[in-house]
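Q: First, the structure itself, so that you have it in front of you.
The values are calculated or read from the model by the stated rules, or taken from the named source; none is laboratory data. In this text, all values refer to a predicted model and were calculated from it rather than measured experimentally. Glycine also receives a Cβ, built like all others from the backbone with ideal geometry; neighbour counts cover every protein chain displayed.
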Amino acid sequence: MASMVIAAIATYCWMKEGDGSTLVFTLASTGVFLSIVSFASRRLLFASLATATMVAGVIGLSWLKRANDDMSLHAWDIVVFLTTPAGIVARWSDRRNEVLATSAIAILLALALTIAFRADRTRLGRVWSLAALGVCALTTSFAGAAKPAQGHMQFFWDDLHLTSFYASVGEASEAIWRGGLVAAAAKPSGAPLIAGKTCAPSDKPPHIILIHEESITEPNIFPGLQYDPGVMPFFYSDDGKLHRLRVETYGGASWLTEFSVFSGVSSRAYGSMRNFVQMFTAGKLKEPLPRVLADCGYYNMMFTPWAKAFMAVSRFYGSIGFNEIVDRKEQGNQRDNERDRFFFGNALNKMEARLALSHQPLFLFIETMSAHWPYDEVYMPEVEVAGGGPDTPPQMSEYLRRLAMVKMDDDWLRAELALRFPAEHFLIVRYGDHHPTATLPLLGEPENTNAEETHFAADSLAFITFFATNGVGYAPPPLPDLDVVDVGYLGAILLDAARLPLPPSWRERARLMTACEGRYWTCPDHDAILAFHRQLIDGGLVETR
C-alpha cells in the first residue's frame, strides 16, 4: 500500500512538475519530507499517506491562491498564517466559504491520518529513514543548484505548484534568519521614525499625475545608436535637464519598481523575497507615498491595464492608499498594450467627472503598456514614425518606433490637460520602470536571451532609465543635481516637486539621497540605510511579518 501511494506521488510529479533537474529537485524534496515523517513515526504507510496529504494540500492551496491572486503558494504564507492572527481574520472575512471548506477538509484528513497511524503495524528502522533523508537532502541540494533559476516570474509557472513551493522554503528561511521581510540594523541607532502630523500645504497643491512609462529608457545612453533625435524632448524635465533613474529589475517585474516608488524602500532590502514584495507587504506599510498624499488632501486613483486580481493588485494598492483602482474591465481595453493615449483618455475622463464633484486635489497613477515587448512584431503599423538607422538591431528599431508614439501621446496629454482644465495646475512625473528587452544586444547579450536569465551587476547600464517632472499651469522646482537617483528616492522627489511638506520619514529619505549621492541599497554608508530601516520598523511605519 505504501509503495502504491509513493508511486502515485512520483507519477504526479513526473506528469506535472517539469523535467530534468527540476523534476529531480521536486522528487527529492518530497523524499525529504517522507524521510522525516518515517523517522519520527517509524510507520511507512502512515508516512507515505502524510506525504500524500502534504502534496495534495500544497497543490490545492496553491491552486486556490493562483485563482484568487494569480500567484502560487509560498512558504512565507505559512509563516504569516502561523504568526499573524490578523491574517487569519482577514482571510475569514474575505473568503469565508473557502476557509470553511479548507478547514473541513483538513479535519477529515487529520482524522484519516490518525486512523492510519494507529492501524499501521509496520515498524521501520530509523537507520533506514536517516539514510534516505541524507540521500534525499543531498540530491535536493545538488538538483536545486542545477535547475533553472526561477527569476522574478515564478508565480506564472504553469502547474509547477510543488516545485514553486519547495523553492520558496529557502526564501522564507532567509527572511526568518534576518528577522523579517526587510533587512535592518539589529539595534536602534536613532529615534524611531513615526507618522507625520496632519499635512497642511500653504497653498492649493497641484494635481499630480505619476506615469509609469513601461519599458522606457533613453536611447542616448548607448553610444553609436542611430535614432530620431525628435524623441529626446520626451526625456527632459522643465529644468532643462536629463535625469537618470536606477531601477532594480531588467526587462520585466514592473511591480518591483512600483513598490520602491510607493514605499520609499529598496526592493533589494527584501532579499530573495523581493519578487513577492507587494504580496507580503499589503497592509504592512503605514506611510507609503499615496497615504502621505491622502493626508495632504489628495484623492488617489490608479489606472492599470491589468485585472484587479492580477498579483492581488487591489489588495496591495488599496492598502497603500488608493481610493479607486480603475482596472482592465472598467477601462475597456481589448489588449494589454493599448496605445498610451487610450489610458490617458480614460484618466482624463475620470478626472473631469471627479473635478465636477469636488475641488479636492487629485493624484493619478497611470500604467502604460505600448512600449512593452514583444518587439518582433510591428506595433500599429499604420502609424508612420521613425525607427532606428540601417545598422540598428531589428527589435531596437521597433522599440524606437514605439518610443516615438509614446512621445506623441505624452504631448497629446499635456495639450488636453491645458485645453480641458485651463484653471487647474498639474505636476506630471514620469519614470521608466525598466529597460525594454530590445536593449539586450546593446548590453552584450544575445537578442533572444530570456530576461529571466540575465544577471547584471547592480551598477550595470541595464538598470538605468529616466525620470522627469513637467508642469501644466505649474512650474516645478529644479530637481536634485545628481548623476543618477535610485528608485527608492523618487517618492521624496515627487513630494518636493509638488511643494508639499515631507513627513519625518520622507525627510530622512531626502537627506539620505544627498548623503548617499543618489544611491539607496548600494549607498557607500550601507549601515545608514539599515539604521533607517530599523527606525521605520521601530516607529511602526513598516511591519516585517
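Q: Only one of these conditions is not met by Asp159: (1) part of a loop (DSSP other than H, G, I, E, B); (2) at pLDDT 85 or above. Which number is it?
A: Exception for Asp159: condition (2).
Q: Condition first: part of a helix (DSSP H, G or I) and surrounded by 23 or more Cβ atoms within 10 Å (Cβ to Cβ). Can you find one or more residues in the stretch 224-243 that meet it?
A: Yes, the conditions are met somewhere in the stretch 224-243.
Q: Same structure, new question: Would you pick out the residues in the stretch 355-369 that are of a type in the set (Ser, Thr, Tyr) and at pLDDT 95 or above?
A: Thr368, the sole residue that qualifies.
Q: Then there is this: Which one is modelled with the lowest pLDDT, of the residues in the stretch 216-236 that are polar (S, T, N, Q) and under 25 Å from Ala458 (Cβ atoms)? Please lay out each step first, then the result.
A: Kept after step one, since they are polar (S, T, N, Q), are these residues of the stretch 216-236: 217, 220, 226.
Applying the additional criterion that residues be under 25 Å from Ala458 (Cβ atoms) yields 217, 220.
Numbers: Thr217: 97, Asn220: 94.
Checking each candidate, the answer is Asn220.
Q: What pairs can you find where one residue is in the stretch 479-504 and surrounded by 18 or more Cβ atoms within 10 Å (Cβ to Cβ), the other is of a type in the set (Asp, Glu) and not in a helix (DSSP H, G or I), and their Cβ atoms are less than 6 Å apart, with a gap of 6+ or different chains?
A: Every condition considered, the pairs that remain are Leu479/Asp239.
Q: Only one of (1) under 33 Å from the mean Cα position of the chain (by Cα); (2) touching a residue at least 12 places away in the same chain (Cβ under 8 Å); (3) surrounded by fewer than 21 Cβ atoms within 10 Å (Cβ to Cβ) fails for Val5. Which number is that?
A: (1)
Q: Quick one: Ala307 ticks every box in (1) of a type in the set (A, V, I, L, M); (2) more than 14 Å from the chain's Cα centre (by Cα); (3) surrounded by 19 or more Cβ atoms within 10 Å (Cβ to Cβ) bar one, so which box is it?
A: (3)
Q: Check the stretch 19-30 and report whether any residue there is out of contact with any helix residue (DSSP H, G or I) (no Cβ under 7 Å at 6 or more places or on another chain) and either at pLDDT below 90 or basic (Lys, Arg) (or both).
A: Within the stretch 19-30 (the criterion being out of contact with any helix residue (DSSP H, G or I) (no Cβ under 7 Å at 6 or more places or on another chain) and either at pLDDT below 90 or basic (Lys, Arg) (or both)), the answer is yes, since at least one residue qualifies.
Q: Which residue is surrounded by the most Cβ atoms within 10 Å (Cβ to Cβ), if the candidates are limited to the stretch 244-264 and must be of a type in the set (Gly, Ala, Ser) and closer than 24 Å to Phe426 by Cα?
A: For the stretch 244-264, the residue satisfying everything is Gly264.
Q: Does His533 qualify as being at pLDDT 95 or above and either closer than 14 Å to Ser263 by Cα or aliphatic (A, V, I, L, M) (or both)? Give the derivation first.
A: Numbers: at pLDDT 95 or above: yes; either closer than 14 Å to Ser263 by Cα or aliphatic (A, V, I, L, M) (or both): yes.
Yes.
Q: Continuing with the same structure: I'm checking my understanding of the structure. Among residues of the stretch 17-43 that are farther than 21 Å from Phe142 by Cα and in contact (Cβ under 8 Å) with a residue 60 or more places away in the chain, which one is surrounded by the most Cβ atoms within 10 Å (Cβ to Cβ)?
A: Residues of the stretch 17-43 that are farther than 21 Å from Phe142 by Cα, as a first pass: 37-43.
If we keep only those that are in contact (Cβ under 8 Å) with a residue 60 or more places away in the chain too, we end up with 38-39, 41-43.
Working: Ser38: 27, Phe39: 18, Ser41: 18, Arg42: 17, Arg43: 22.
Per the stated criteria, the residue is Ser38.
Q: Can you find even one residue in the stretch 84-98 that is out of contact with any strand residue (DSSP E or B) (no Cβ under 8 Å at 6 or more places or on another chain), part of a helix (DSSP H, G or I), among the aromatic types (Phe, Trp, Tyr) and modelled with pLDDT of 85 or more?
A: No; the residues of the stretch 84-98 include none that is out of contact with any strand residue (DSSP E or B) (no Cβ under 8 Å at 6 or more places or on another chain), part of a helix (DSSP H, G or I), among the aromatic types (Phe, Trp, Tyr) and modelled with pLDDT of 85 or more.
Q: Additional query: Tell me, please, whether a residue that is in the same structural domain as Phe303 (by TED's automatic domain parsing), over 25 Å from Ala497 (Cβ atoms) and free of Cβ contacts under 8 Å to residues at least 24 places away in the same chain can be found in the stretch 361-372.
A: No.
Q: Something else now. Residues of the stretch 292-320 being over 23 Å from Thr249 (Cα atoms), in contact with a Leu (Cβ under 8 Å, 6 or more places away or on another chain) and not hydroxyl-bearing (Ser, Thr, Tyr), which ones?
A: Val292, Leu293, Cys296, Asn300, Met301
Q: Step by step: first the residues of the stretch 239-290, then only those that are of a type in the set (S, T, N, Q) and modelled with pLDDT under 90, then the one that is nearest to Thr198 (Cα to Cα). Which residue is that?
A: In this case the residue turns out to be Gln278.
Q: Turning to a different aspect of this structure: Could you identify the single residue in Gly444, Gly432 that is in contact with a strand residue (DSSP E or B) (Cβ under 8 Å, 6 or more places away or on another chain) and not β-branched (Val, Ile, Thr)?
A: Gly432
Q: Further, regarding this structure: Got at least one residue in the stretch 190-211 being of a type outside the set (Phe, Trp, Tyr), at pLDDT 95 or above and in contact with a Cys (Cβ under 8 Å, 6 or more places away or on another chain)?
A: yes
Q: Another question, if that's okay. Quick check on Arg545: is it of a type in the set (Lys, Arg), more than 20 Å from the chain's Cα centre (by Cα), over 28 Å from Lys241 (Cα atoms) and not assigned by TED's automatic domain parsing to the domain that holds Pro233?
A: Details: of a type in the set (Lys, Arg): yes; more than 20 Å from the chain's Cα centre (by Cα): no; over 28 Å from Lys241 (Cα atoms): yes; not assigned by TED's automatic domain parsing to the domain that holds Pro233: yes.
Taking the combined requirement at face value, the residue does not satisfy it.
Q: In the stretch 113-134, what count of residues is obtained for those that are assigned to a loop (DSSP other than H, G, I, E, B) and touching a helix residue (DSSP H, G or I) at 6+ places or on another chain (Cβ under 6 Å)?
A: If we filter the stretch 113-134 for residues that are assigned to a loop (DSSP other than H, G, I, E, B), which is where we start, we get 120-125.
Next, from what is left, pick out any that are touching a helix residue (DSSP H, G or I) at 6+ places or on another chain (Cβ under 6 Å): 120, 122, 124.
The total comes to 3.
Q: State whether one or more residues within the stretch 357-376 are over 22 Å from Pro305 (Cβ atoms), under 28 Å from the mean Cα position of the chain (by Cα), of a type outside the set (A, V, I, L, M, F, W, C) and part of a loop (DSSP other than H, G, I, E, B).
A: Looking through the stretch 357-376, at least one residue is over 22 Å from Pro305 (Cβ atoms), under 28 Å from the mean Cα position of the chain (by Cα), of a type outside the set (A, V, I, L, M, F, W, C) and part of a loop (DSSP other than H, G, I, E, B).
Matching residues to (1) assigned to a loop (DSSP other than H, G, I, E, B); (2) touching a Leu at 6+ places or on another chain (Cβ under 9 Å):
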| position | (1), (2) |
| --- | --- |
| Gly180 | yes, no |
| Ala186 | yes, yes |
| Ala191 | yes, no |
| Leu210 | no, yes |
| Leu245 | no, yes |
| Tyr250 | yes, yes |
| Leu256 | no, no |
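Q: If you don't mind, another one. Could you please let me know if Ala468 is crowded, with 16+ Cβ neighbours inside 10 Å, in the same structural domain as Pro219 (by TED's automatic domain parsing) and small (Gly, Ala, Ser)?
A: Spelling it out, Ala468 is indeed crowded, with 16+ Cβ neighbours inside 10 Å, in the same structural domain as Pro219 (by TED's automatic domain parsing) and small (Gly, Ala, Ser).
Q: Tell me the residue from Ala438, Ala418 that is crowded, with 17+ Cβ neighbours inside 10 Å, in the same structural domain as Asn349 (by TED's automatic domain parsing), in contact (Cβ under 8 Å) with a residue 24 or more places away in the chain and part of a helix (DSSP H, G or I), please.
A: Only one candidate qualifies: Ala438.
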